[in-house]
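Trainee: My structure is below; once you've seen it, I'll send some questions.
We did not get these values from a lab; they are worked out from the coordinates using the rules stated. Computed from a predicted structure; not experimentally measured. No Cβ is skipped: glycine too gets one built from the backbone with ideal geometry, and neighbour counts run over all protein chains shown.
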Amino acid sequence: MIEMVRTFGKLPERWWTKWENRNQYFEEDGTFRLNSGDLSGEPRTVNLKERLENIRRRDEMGQKELSGDLEALELVLGKMLRYEPEERISIDE
């Protein structure tokens, strides 16, 4: 759950308020508490944009070529990976 919130952001309010341990790991606005003591707080747990930027950094030679593709991928993945089904991208989009 921690990884999901750090990657995709705060859960919808109806789920957020039911998660009893959320205050151990997150501020009420969904910001991760660095002093939570949770091992998933290591740099491997980053948001989607940071994950894609890490891919870009690993391939310095192909950065220019990958740049537009990764931005498009971020846009599509961001629309696909929404908590609420009605907010996800449709096949027609």
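Trainee: PRE reach from residue 53 (point 7 Å along Cα→Cβ): which of the stretch 67-91 fall under 15 Å by backbone N?
Mentor: Under 15 Å, as judged by backbone N against the label point of residue 53, lie 67, 70-71, 74-75 of the stretch 67-91.
Trainee: If packing is taken as the mean number of other Cβ atoms within 10 Å per residue, what is the order of 80-92, 17-29, 1-13, highest first?
Mentor: Ranking, from highest mean packing down: 1-13, 17-29, 80-92.
Trainee: While we're here: Amide H of residue 26 versus every other amide H placed in the peptide plane: which residues, excluding those fewer than 5 positions away on the same chain, fall under 5 Å?
Mentor: Those lying under 5 Å, H to H, from residue 26 are 33.
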